[in-house]
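Q: Following this message is one structure expressed as structure tokens.
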């Protein structure tokens, strides 16, 4: 499952540089699939293809947020999600709406970081 940042976030930014997938963004900031990954384009499998550098709308305007499509819970990189490990207020928690098993998270990591 992906990690989410709850509204208890104090906007300290400690989590952002820790993410190996560049899935964490400051509130109000646009994001891209390609940022921090090797994706040059994204094919959604329904005929929709976008550039990896296409600017996407912020998930939150108020506090830091995690893009669930890019979150691998640090599987394949670290023993635990690094955002949660460094968060001083424990607001980086598992997202019950995005439950993924380890195999799925490893496949997502391989997709994000194609060699």
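Bear in mind these aren't lab numbers, they're just calculated from the coordinates by the rules spelled out. From a predicted model like this one, the values you see are computed outputs, not experimental measurements. Backbone-built Cβ (ideal geometry, glycine too); neighbour counts: all protein chains shown.
Q: For the chain, what's the radius of gyration and Dmax over Cα atoms, in angstrom?
A: Final numbers for Rg and Dmax: 13.6, 42 Å.
Q: What's the exposure ranking of 109, 70, going from fewest to most Cβ atoms within 10 Å? Don't skip to the answer; put the middle values down first.
A: Working: 109 19, 70 25.
Placing the least packed residue first, the sequence is 109, 70.
Q: Using only alpha carbon pairs under 8 Å that are at least six residues apart, calculate the relative contact order of the chain and give it in whole percent. Don't skip to the end; give the middle numbers.
A: On the way: 205 pairs, mean separation 45.3, N = 115.
Dividing the mean separation by the residue count of the chain yields 39 percent.
Q: If you don't mind, another one. Among 7, 46, which comes first, second and so on when ranked by fewest other beta-carbon atoms within 10 Å? Display every interim value, and only then the final one.
A: Details: 7 9, 46 6.
With the fewest neighbours first, 7, 46 line up as 46, 7.
Q: A further question follows. Can you give the log10 of the normalised intensity I(q)/I(0) at q = 0.16, 0.18, 0.20 Å⁻¹, computed with Debye over equal Cα scatterers of region 73-115?
A: At q = 0.16, 0.18, 0.20 Å⁻¹ the computed log10 ratios are -0.48, -0.59, -0.71.
Q: Hey, rough spin-label estimate for residue 89 and residue 53, points 7 angstrom out along Cα→Cβ, what's it come to in nanometres?
A: 3.6
Q: On to the next question. In nanometres, what is the gap between the two model label sites at residue 78 and residue 98, each 7 Å from Cα along Cα-to-Cβ?
A: 1.6
Q: Order these by the 10 Å Cβ neighbour count, fewest first: 31, 111.
A: Working: 31 23, 111 16.
Listed from fewest to most nearby Cβ atoms, that is 111, 31.
Q: Extending each Cα 7 Å along its Cβ direction at residue 44 and residue 26, get the distance between those two points in nm, one decimal.
A: Distance between the two pseudo-spin positions: 2.9 nm.
Q: Let me have the 222 nm mean residue ellipticity of the chain computed from DSSP H runs of 4+ only, each contributing -39500 (n - 2.57), with the sum over all residues rounded to the nearest 500.
A: On the way: 2 runs with 16 residues, N = 115.
That calculation yields -3500 deg cm²/dmol at 222 nm.
Q: Which angle from 0 to 90°, rounded to the nearest 10, does the C-alpha axis of helix 102-112 make with the longest principal axis of the chain?
A: 60
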